[in-house]
Amino acid sequence: MKHILYLEDNTDIGEWMKNDLTDRGYNVTWLKSGEDVMTAFPSADLVILDIMLSGLDGFTIGKRLKQKSPQIPILILSARTAIDDKLQGLQFADDYMVKPFHPEELAARVDVLLRRFGSEEDEVLRLKHLQINPHTSQIIDSRTGSELIFTGKQYQIFMYLIKNSNQILTKEQIYESVWGEPYIEGDKTLMVHIRHIREKIEDDPSRPAIIETIRGLGYRVKK
């Protein structure tokens with residue numbers, strides 16, 4: 001039984017959707033605020049998130065959850081229809097659905113996200129001499145069989161680059177996705193993390209073959 005973490009402060013909508021999703025075979029934890037979200041989150045397979053919550057807003061909660069576990073899909077369910085809100089939400093969320101909505105459409109989107117992320121969890125990714133298991137968060141050097149130990153931020157940066165393989169990602173994109181904060185020009189934090197990652201995965205960190213520097217633009221992982 002898949003576990004859905006549902007954040008919605010409207011009692012009528014919350015009860016209706018919890019009952020509907022439960023009837024469809026999901027185990028639903030419904031919270032009216034983000035106060036207890038970190039307690040319920042580790043066991044969740046998917047998060048449905050309203051933006052306008054009491055206390056912390058949905059944008060802040062969603063960014064924190066995605067930073068903690070990038071492999072858990074987040075679906076925003078909001079009455080806010082402005083394109084700016086959608087773009088802000090989709091910086092971290094995997095889908096954005098506008099209220100009012102039909103429960104059949106929501107159920108279909110939930111099913112798509114669970115299937116997509118479920119298959120990704122079971123798949124071991126291979127990149128040159130690296131074997132990456134998103135489900136266990138392990139990165140193995142296939143030549144030696146040894147596990148490469150990453151810090152949380154290093155792992156999030158590397159997985160973000162892999163998720164967007166073959167795309168040139170700017171420092172701003174990477175920093176704002178991983179830290180959930182605006183990038184300040186001149187900040188060397190990301191550059192230092194990239195250097196440490198290269199020291200762990202590259203045969204010659206001074207001539208990287210996995211994480212490429214695209215001069216004047218950013219970084220890219222080629223598959």
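Computed quantities for the displayed model
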quantity: Options K153, K200; residue that is outside the structural domain of I72 (by the TED database), more than 19 Å from Q71 (Cα to Cα), assigned to a helix (DSSP H, G or I) and open to solvent by 50 Å² or more (accessible area, probe 1.4 Å); calculated: K200
quantity: Selection status of S69, among the polar types (S, T, N, Q) and closer than 26 Å to T22 by Cβ; calculated: yes
quantity: Matching option when the condition is more than 15 Å from the chain's Cα centre (by Cα), modelled with pLDDT under 95 and over 14 Å from Q91 (Cα atoms), among Q167, Q156; calculated: Q167
quantity: Restricting segment 57-112 to residues that are of a type in the set (D, E, K, R) and outside any helix (DSSP H, G or I), the residue that is nearest to the chain's Cα centre (by Cα); calculated: D94
quantity: Verdict on I72 being at pLDDT 95 or above and either buried (at least 18 other Cβ atoms within 10 Å of the Cβ) or within 14 Å of I4 (Cα to Cα) (or both); calculated: no
quantity: Condition broken by L114, with the remaining ones in (1) surrounded by fewer than 19 Cβ atoms within 10 Å (Cβ to Cβ); (2) of a type in the set (A, V, I, L, M); (3) over 14 Å from I4 (Cβ atoms) satisfied; calculated: (3)
quantity: Residue in segment 78-91 that is under 15 Å from I4 (Cα atoms), surrounded by 14 or more Cβ atoms within 10 Å (Cβ to Cβ) and of a type outside the set (K, R) present; calculated: no
quantity: Members of segment 38-56 that are in a helix (DSSP H, G or I) and open to solvent by less than 10 Å² (accessible area, probe 1.4 Å); calculated: F41
quantity: Residues being without any contact (Cβ under 8 Å) to a residue 12 or more places away in the chain and within 20 Å of the chain's Cα centre (by Cα) - total across segment 13-37; calculated: 1
quantity: Selected residue (criterion: surrounded by the most Cβ atoms within 10 Å (Cβ to Cβ)) from residues of segment 1-36 that are aliphatic (A, V, I, L, M) and under 19 Å from Y96 (Cβ atoms); calculated: L7
quantity: Single unsatisfied condition, Q131 versus (1) more than 15 Å from the chain's Cα centre (by Cα); (2) surrounded by 14 or more Cβ atoms within 10 Å (Cβ to Cβ); (3) assigned to a helix (DSSP H, G or I); calculated: (3)
quantity: Residue count, segment 92-110 (criterion: open to solvent by less than 30 Å² (accessible area, probe 1.4 Å) and either hydrophobic (A, V, I, L, M, F, W, C) or touching a Cys at 6+ places or on another chain (Cβ under 9 Å) (or both)); calculated: 6
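The values are calculated or read from the model by the stated rules, or taken from the named source; none is laboratory data. Please read all numbers here as calculations on a predicted model, not as lab measurements. Here Cβ is always computed from backbone atoms with ideal geometry, including for glycine, and neighbour counts include all displayed protein chains. Surface areas here come from the heavy atoms of the whole protein model, side chains and all, with no ligands, DNA or RNA. Shrake-Rupley method; radii C 1.70, N 1.55, O 1.52, S 1.80 Å.
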